[in-house]
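Undergrad: Below is the structure I would like to discuss, written out as structure tokens.
The values are calculated or read from the model by the stated rules, or taken from the named source; none is laboratory data. Computed from a predicted model, the values in this text were never measured in an experiment. Counting neighbours? That spans all protein chains shown, and the Cβs are built from the backbone with ideal geometry, glycine included. With ligands, DNA and RNA removed, areas are computed over all heavy atoms of the protein, side chains included. Shrake-Rupley method; radii C 1.70, N 1.55, O 1.52, S 1.80 Å.
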Amino acid sequence: MKCLLVFGLIVAVFGAFVGYGYLLFTDFTRPLPKPEFNDNTYWGTGDGDNYIADEEIYEFKLQVPSEDIEDLRKQLNRTLRLTEPLDGIAFEYGFNTYALQQFADYWRDKYLTVWDEREEYLNSLKQFTTEIQGLNIHFIHEHAKEEAKARKHVYPLLLLHGWPGSVREFYDFIPMLGKDQNVSDYAFDVVAPSLVGFGFSDAATRPGFNAAEMATVMRNLMLRLGYKEFFVQGGDWGSIIGSNLATLYPENVLGYHSNMCVLHTPLAFLKGIYASYFPEKVLPSRFFIDHHFPLWEKYEGLLKESGYFHIQATKPDTIGAALTSSPVALATYILEKFQTCAGPGLAQDFGAITTVYGLEAVLDNLMIYYLSNSATTAARFYAENVSKEYRALQLDRVQSPVPMGCARFRNDLPAAFDWQLRDKFPNLKHSMYFQQGGHFAAMEMPSMLYNDFTTFVRKLALHGETF
């Protein structure tokens, strides 16, 4: 009898632990309801009590005073006190100072001497500003060409960039989207904003402006322009913002396409561990295993390359002060990310930036940060998105009914696989792997991104297409 009592007690305790474990598991993995969210928070100067929005839309044209360019040239002409790289080291310790000196020389002696041409190019796409929630928002707005309107289905598209990018990433991509292309039955009216605190858009004046707030401003910009329903495409922060927008305002999003499909939930983590042992059970082909695995090797790579994230998420004003005080410091910091994102085969190559992106394109992007003095305000966005307030929203665990498409480029950050993504986007319509390309897909291979995005749109069968 005593043995039976002990056995019964053991079974009861074990059952209690199993039951409690099950409750914990379901609590940490179940989808959450969409949170209540204020879609009109004021982010401008002052308290906004008597705020009346200026709803006018103004043309924007970049016009940099010649004295500002001359001042930059003088700064770049100063002797750089750089430390020589270690013997046999290329970019393993950061951006190589031999390469940096050459870059600074080219910036000063070649690029700035034709600044009028670069300024004209940056103005080649139609740009505007308007006030949203107390902030002056800069954006590109290019309508589909007339010949495309006559022959294609035309829809609005919101393009979202990230850091350390800008709207300059889209200068080759945007014209493709509005042309009468034979490869697609669709064309797009494209809106590509400078994110709040980036480029020529205002920055928030108080803490709390996270990705959900950014998504709200971007959605309200589209409504201001008369677009009640639209597509969203983004990478880097643009991917996070796009996901938040599709989650909080699904009624406005026709479809969401990402070239950085990430998902950070307890269930996604557990699925990742399982898949690392049985990848053939969750991936469409063994040829894509190295996009996701070995899992711990991917995490090690992220840790190695995320030093910038840690400082920007904790002390953005410290790094911002250093970057805004010196154009060479700003160049070093941003160039290092482009160098790394060129991919493992080119990360130590002195010609990687020229080969993958083009020197002028990277310099244009750098000039946007320099001229707008936005290094600090852009860095602050990291701090806002690791805040307790934003994490409490747990938007990755809130399902969105919006149709979703995912493009995974080989040299980008490790993406979520379909089994994970469907926890967040059960209406996953399109999933693609590319064995080349990297983080700045719109800049690096715009044609490939265009084809993937339009394929996704076609799969939605908005006009009865079969695929």
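Undergrad: What's the number of the only condition in (1) on the phi > 0 side of the Ramachandran plot; (2) open to solvent by less than 40 Å² (accessible area, probe 1.4 Å) that Leu366 fails to meet?
TA: Only one criterion in (1) on the phi > 0 side of the Ramachandran plot; (2) open to solvent by less than 40 Å² (accessible area, probe 1.4 Å) is unmet by Leu366, namely (1).
Undergrad: So for the stretch 213-231 (the condition being part of a strand (DSSP E or B) and in contact with a Leu (Cβ under 9 Å, 6 or more places away or on another chain)), does at least one residue qualify? Please lay out each step first, then the result.
TA: We begin by selecting, within the stretch 213-231, every residue part of a strand (DSSP E or B); these are 230-231.
Next cut, in contact with a Leu (Cβ under 9 Å, 6 or more places away or on another chain) only: 230-231.
Yes: the stretch 213-231 contains one or more residues that are part of a strand (DSSP E or B) and in contact with a Leu (Cβ under 9 Å, 6 or more places away or on another chain).
Undergrad: Separate question: Let me confirm something: among Pro426, Pro414, which residue is in a loop (DSSP other than H, G, I, E, B), modelled with pLDDT of 95 or more and open to solvent by 10 Å² or more (accessible area, probe 1.4 Å)? Give the steps one after another, and end with the answer.
TA: Working: Pro414 fails: modelled with pLDDT of 95 or more.
Going through Pro426, Pro414 in turn, the sole match is Pro426.
Undergrad: Also, I was wondering about something else. Could you please find all residues in the stretch 429-441 being open to solvent by 10 Å² or more (accessible area, probe 1.4 Å) and touching a Pro at 6+ places or on another chain (Cβ under 9 Å)? Write out each step before concluding.
TA: Of all residues in the stretch 429-441, those open to solvent by 10 Å² or more (accessible area, probe 1.4 Å) come to 429, 431-436, 439.
Passing the criteria: Lys429, Ser431, Tyr433.
Undergrad: Taking helices (runs of 4 or more DSSP H) that do not extend beyond the stretch 312-397, which have at least 1 residues that are out of contact with any strand residue (DSSP E or B) (no Cβ under 9 Å at 6 or more places or on another chain), under 29 Å from Glu213 (Cα atoms) and at pLDDT 95 or above? It would help to see each step written out before you state the result.
TA: Working: elements: 316-325, 327-340, 352-356, 359-372, 375-385, 388-393.
In the stretch 312-397, 316-325, 327-340, 359-372, 375-385, 388-393 are the helices (runs of 4 or more DSSP H) which contain 1 or more residues that are out of contact with any strand residue (DSSP E or B) (no Cβ under 9 Å at 6 or more places or on another chain), under 29 Å from Glu213 (Cα atoms) and at pLDDT 95 or above.
Undergrad: Within the stretch 246-254, is there a residue that is modelled with pLDDT of 95 or more and in a strand (DSSP E or B)?
TA: yes
Undergrad: Just checking, which of Leu263, Leu267 is surrounded by fewer than 22 Cβ atoms within 10 Å (Cβ to Cβ), among the hydrophobic types (A, V, I, L, M, F, W, C) and either closer than 21 Å to Asn411 by Cα or out of contact with any Phe, Trp or Tyr (no Cβ under 9 Å at 6 or more places or on another chain) (or both)? Even if it seems obvious, please write down each step before you answer.
TA: Values: Leu267 fails: either closer than 21 Å to Asn411 by Cα or out of contact with any Phe, Trp or Tyr (no Cβ under 9 Å at 6 or more places or on another chain) (or both).
Just one listed residue meets the conditions, Leu263.
Undergrad: Of the residues Glu389, Glu444, which is surrounded by fewer than 17 Cβ atoms within 10 Å (Cβ to Cβ) and touching a residue at least 60 places away in the same chain (Cβ under 8 Å)? Before the answer, list the steps.
TA: Working: Glu444 fails: surrounded by fewer than 17 Cβ atoms within 10 Å (Cβ to Cβ).
After ruling out the rest, the residue left standing is Glu389.
Undergrad: Okay, moving on. Taking the condition of being in contact (Cβ under 8 Å) with a residue 24 or more places away in the chain, farther than 30 Å from Tyr106 by Cα and surrounded by 15 or more Cβ atoms within 10 Å (Cβ to Cβ), how many residues in the stretch 285-332 meet it?
TA: The number of residues fulfilling the criteria is 5.
Undergrad: Output yes when any residue across the stretch 199-222 is within 23 Å of Asn411 (Cβ to Cβ) and under 18 Å from the mean Cα position of the chain (by Cα), and no when none is. It would help to see each step written out before you state the result.
TA: Within the stretch 199-222, the first condition is being within 23 Å of Asn411 (Cβ to Cβ), and the residues that meet it are none.
No, the stretch 199-222 has no match at all.
Undergrad: Also: Run His257 past the list (1) under 24 Å from Val402 (Cα atoms); (2) in a loop (DSSP other than H, G, I, E, B) and report the number of the one that doesn't hold.
TA: (2)
Undergrad: Let me ask you something else. Would you mind telling me which numbered condition in (1) more than 23 Å from Asp349 (Cβ to Cβ); (2) at pLDDT 95 or above; (3) not aliphatic (A, V, I, L, M) Arg78 fails?
TA: Tallying (1) more than 23 Å from Asp349 (Cβ to Cβ); (2) at pLDDT 95 or above; (3) not aliphatic (A, V, I, L, M), Arg78 fails exactly one: (2).
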